[in-house]
Each structure stands twice: as structure tokens, then as C-alpha cells.
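Report on the following structure.
The values are calculated or read from the model by the stated rules, or taken from the named source; none is laboratory data. Source: prediction; values computed, not measured. Cβ placement follows ideal geometry from the backbone for every residue including glycine, while neighbour counts extend to all protein chains displayed. For accessibility, only protein heavy atoms count, side chains too; no ligands or nucleic acids. Shrake-Rupley method; radii C 1.70, N 1.55, O 1.52, S 1.80 Å.
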Amino acid sequence: MRHTREEGIQKLKKELNAVILVHSYQRGEVQDIGDYVGDSLGLCIEASKTDAEVIVFCGVHFMAESAKLINPGKTVIIPDYNAGCPMADMASGDELRKLKAEHPEALVVCYVNSTAEVKAESDICCTSSNAIQVVESLPEDKEIIFVPDKYLGGYTAHQTGREMILWQGYCPTHQKILPEDIRKRREEYPDGVVLVHPECSAPVIQEADQVGSTGFIVNFCTESDKKIFIIGTEHGIIHRLKKLNPDKAFIPVTERALCPNMKLTTLSSVLRSMERLETKVEIAPEVAERAYKPVERMLALSGQGVNRK
Ligand code: SF4
């Protein structure tokens with residue numbers, strides 16, 4: 001009997017004792033086969049809780065790496081190994097070591113959108129959901145280096161009143177969202193509530209009604225009694241928002257905000273990766289041990305005890 005790709009994936013999931021974790025920026029059809037769909041923090045927490053033996057991570061490379069850091073004894077596979085993150089690649093361990101040498105007393109807060117090498121040089125991780133909480137947890141007399149996203153770092157500095165040394169990385173997808181796009185949408189939908197992600201630039205954030213992670217955006221729109229929402233983040237989230245709220249309208253600030261790396265994963269690549277159990281995410285043990293620490297501190301701050309497996 002010939003299986004559809006969805007049936008094939010479900011069958012392999014049972015055989016492998018696998019869990020499928022999917023980021024909200026993935027293609028709609030990939031989100032639909034996920035056991036859990038969420039933002040980076042939610043996915044980290046799910047990875048820390050799972051009893052599955054195999055984690056199929058539908059997202060980009062640094063996310064699968066974080067799952068592996070939390071679950072070194074498990075098999076973590078990423079369906080398309082080319083699914084990297086240009087922002088994560090804007091910071092290297094060598095460059096960060098140089099900056100740390102210039103600021104030897106500084107604490108390093110590292111956005112989870114970073115390589116394991118960069119995490120290994122950091123004191124604590126954050127996501128866009130908890131960056132403010134993470135920075136507020138640090139002693140006030142300490143200098144802070146924030147790596148790699150200058151926009152999330154700038155927004156967090158503004159919200160906390162803390163001065164920070166900002167790495168000059170950015171997300172090329174969120175950079176495509178412009179303040180004039182929001183103004184145009186407001187004219188088209190005067191009742192629309194504008195929500196943007198903190199990876200957007202400061203002028204875009206200033207135009208918004210609400211700023212937060214994809215998890216925040218999903219919760220806000222689901223709980224709100226408003227009917228029209230103008231969404232300033234990667235386009236894939238619209239699928240999730242519509243699925244959860246079929247009676248509400250979701251309009252992207254711009255159709256240009258598409259992350260090509262997030263879209264590399266398809267049902268075919270998920271099926272193939274599960275059939276072949278590849279590509280496995282591996283991290284050199286000496287890097288993994290150091291890179292895990294800042295992730296663990298972040299999860300502890302979020303009230304998540306980790307049973308590292
Ligand atoms: S949306 Fe931006 S931050 Fe997210 S994976 Fe794509 S390039 Fe990286």
C-alpha cells in the first residue's frame with residue numbers, strides 16, 4: 001500500500017519513537033505534522049521535556065543545536081542541513097573572544113539565535129520571549145555584551161534602561177519590514193492591531209501597538225477580542241494564527257518577510273530525513289559542555305528545571 005508523505009511520517013514517528021518539533025516560521029504543511037509548534041523558547045522547553053528517543057527538528061540549524069545541547073544522549077536530526085540562520089552566522093567564537101578581551105568584566109548575553117561556539121563564550125542565553133527578564137536578572141554594576149542581534153539588543157536595552165555593548169548582527173528577513181509598510185497597512189485596515197517582533201528595527205517597533213516574540217503574538221491575538229491583526233514578523237506565523245483563530249483576519253505587514261532558510265524544510269525532506277535518520281546534529285563535546293551552561297541558566301530563570309538526557 002502506498003502511503004502519503006504525512007502517513008509515512010506518522011508511521012516512522014512511531015517506529016523511531018520520535019517527536020517532531022516545528023518552529024512557527026516553517027511552511028504550513030510542516031507545521032501541520034508537528035507535535036509541537038512554537039517559538040525558540042517553547043521549542044527549547046519541549047526539547048527539555050521529551051521522552052522521545054529521536055527529535056526531528058524542523059527549524060534552522062541553531063535551534064536543532066540547542067535541542068542537542070539539552071539532549072546530548074538523543075538523536076537530533078534536521079531535515080535540511082542547509083537551513084542555517086544568517087544572523088547566527090554574523091558572530092563567531094573568535095570575534096566574541098576578542099570583544100570579551102576588550103571588556104573583561106562584561107557579562108555576555110547571547111540570543112539563542114547563535115552558534116554553539118558563540119554560546120560557549122556566553123554567560124546566559126535569552127530568546128525574544130525572555131530577553132528583558134534575562135537582562136534584568138544580571139547585576140546592575142556589570143557591563144553587558146549582547147550578541148548577535150543589534151535590534152533585539154537595542155529594544156531590550158531600551159526596555160530595561162541598561163546600557164549594552166551591541167553586536168552588529170541582524171535578521172535579514174525582519175530587516176525587510178519597513179515603517180512605511182506599517183503606515184500603509186494602517187490606512188488599509190484602520191481597526192487593525194499592529195504586532196511586530198523585536199528583531200525588527202527601532203523605527204518599525206516605534207510604529208507598532210505591541211512588540212513580542214512569536215509566542216507572545218500568538219497568545220495576544222488568540223486572547224484579544226479584536227478581529228483584525230497586522231503582523232510584522234516572518235510570514236509562516238500567519239498559518240498558525242489563522243488555524244488557531246479562524247474567525248479573525250491576519251494581514252502581514254509585508255509579503256517580503258519570508259525567511260528562505262526556514263522554507264527549506266518540506267514534507268519530503270522531513271520524510272527522507274526520518275527514513276535515513278539524517279542529518280544528525282553533532283557538537284564537539286568540549287564545546288557542548290560550555291555551550292549548555294548559558295542555555296541551562298536561561299531555562300532555570302524561566303522556571304524550567306532540566307533533566308538533561
Ligand atoms: S527569520 Fe531571521 S533570525 Fe529567523 S532563521 Fe531566518 S534569518 Fe535567522
Exercise. Condition test on LYS14, is it open to solvent by 40 Å² or more (accessible area, probe 1.4 Å), at pLDDT 95 or above and in contact with a strand residue (DSSP E or B) (Cβ under 8 Å, 6 or more places away or on another chain)?
Worked result: no
For this session: Could you figure out which of (1) open to solvent by 10 Å² or more (accessible area, probe 1.4 Å); (2) within 16 Å of the chain's Cα centre (by Cα); (3) at pLDDT 95 or above isn't true of ALA88?
Result: (1)
For this session: Looking at (1) over 24 Å from THR4 (Cβ atoms); (2) within 16 Å of the ligand (Cβ to nearest atom); (3) part of a loop (DSSP other than H, G, I, E, B), find the lone condition where ASP51 falls short.
Result: (2)
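Residue by residue through the range 92-118, note down the ones that are part of a loop (DSSP other than H, G, I, E, B), open to solvent by less than 30 Å² (accessible area, probe 1.4 Å) and more than 12 Å from the ligand (Cβ to nearest atom). If you could, list the steps in order and put the result at the bottom.
Kept after step one, since they are part of a loop (DSSP other than H, G, I, E, B), are these residues of the range 92-118: 92, 103-106, 112-115.
From what's left, open to solvent by less than 30 Å² (accessible area, probe 1.4 Å): 106, 112-114.
The one that is part of a loop (DSSP other than H, G, I, E, B), open to solvent by less than 30 Å² (accessible area, probe 1.4 Å) and more than 12 Å from the ligand (Cβ to nearest atom): ALA106.
For the range 275-286: of the residues being within 21 Å of the chain's Cα centre (by Cα) and away from the ligand (no atom under 16 Å from the Cβ), which is farthest from LEU69 (Cα to Cα)?
Filtering the range 275-286 for residues within 21 Å of the chain's Cα centre (by Cα) gives 279-283.
Within this subset, residues satisfying the condition of being away from the ligand (no atom under 16 Å from the Cβ) are 279-280, 282-283.
Working: THR279: 16, LYS280: 13, GLU282: 9, ILE283: 8 Å.
Among those residues, the one meeting the criterion is THR279.
Could you pull out the residue among ALA83, ALA64 that is assigned to a helix (DSSP H, G or I), crowded, with 21+ Cβ neighbours inside 10 Å and within 13 Å of the ligand (Cβ to nearest atom)? Even if it seems obvious, please write down each step before you answer.
On the way: ALA83 fails: assigned to a helix (DSSP H, G or I).
Just one listed residue meets the conditions, ALA64.
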For this session: Output the residues belonging to the range 35-68 that are within 16 Å of the chain's Cα centre (by Cα) and either on the phi > 0 side of the Ramachandran plot or small (Gly, Ala, Ser) (or both).
Result: GLY38, SER40, GLY42, ALA47, SER48, GLY59, ALA64, SER66, ALA67
Problem set entry | Verdict on ILE145 being of a type in the set (A, V, I, L, M) and either outside any helix (DSSP H, G or I) or exposed (fewer than 15 other Cβ atoms within 10 Å of the Cβ) (or both) | yes
Seminar exercise, completed: The residue from ILE132, ILE217, ILE165 that alone is of a type in the set (A, V, I, L, M) and crowded, with 20+ Cβ neighbours inside 10 Å is ILE217
Seminar exercise, completed: Filter the range 246-274 for residues that are within 15 Å of the ligand (Cβ to nearest atom) and in a helix (DSSP H, G or I); the one that is least open to solvent (accessible area, probe 1.4 Å) is MET262
Exercise. Of these, HIS239, HIS235, which one is open to solvent by 40 Å² or more (accessible area, probe 1.4 Å), within 16 Å of the ligand (Cβ to nearest atom) and more than 16 Å from ARG185 (Cβ to Cβ)?
Worked result: HIS239
Exercise. Going by the conditions given, is GLY73 in contact (Cβ under 8 Å) with a residue 12 or more places away in the chain, closer than 18 Å to GLU282 by Cβ, of a type in the set (Gly, Ala, Ser) and open to solvent by 10 Å² or more (accessible area, probe 1.4 Å)?
Worked result: yes
Exercise. Any residue at all in the range 20-34 that is within 16 Å of the ligand (Cβ to nearest atom), open to solvent by 40 Å² or more (accessible area, probe 1.4 Å) and either at pLDDT 95 or above or not aromatic (Phe, Trp, Tyr) (or both)?
Worked result: yes
Problem set entry | All positions within the range 152-177 that are more than 16 Å from the ligand (Cβ to nearest atom), of a type outside the set (Lys, Arg) and assigned to a loop (DSSP other than H, G, I, E, B) | GLY161, GLU163
For this session: Spot the failing condition for SER213; the list is (1) among the polar types (S, T, N, Q); (2) away from the ligand (no atom under 14 Å from the Cβ); (3) closer than 18 Å to SER129 by Cβ, and only one is missed.
Result: (2)
For this session: Give the residues of the range 193-215 that are modelled with pLDDT of 95 or more, part of a helix (DSSP H, G or I) and under 20 Å from the mean Cα position of the chain (by Cα), sorted by residue number.
Result: ALA202, VAL204, ILE205
Exercise. If you check every pair at least six apart or on different chains, which have Cβ atoms under 9 Å apart with a residue in the range 187-198 that is of a type in the set (Gly, Ala, Ser) first and a residue that is open to solvent by less than 10 Å² (accessible area, probe 1.4 Å) second?
Worked result: GLY192/PHE229; GLY192/ILE230
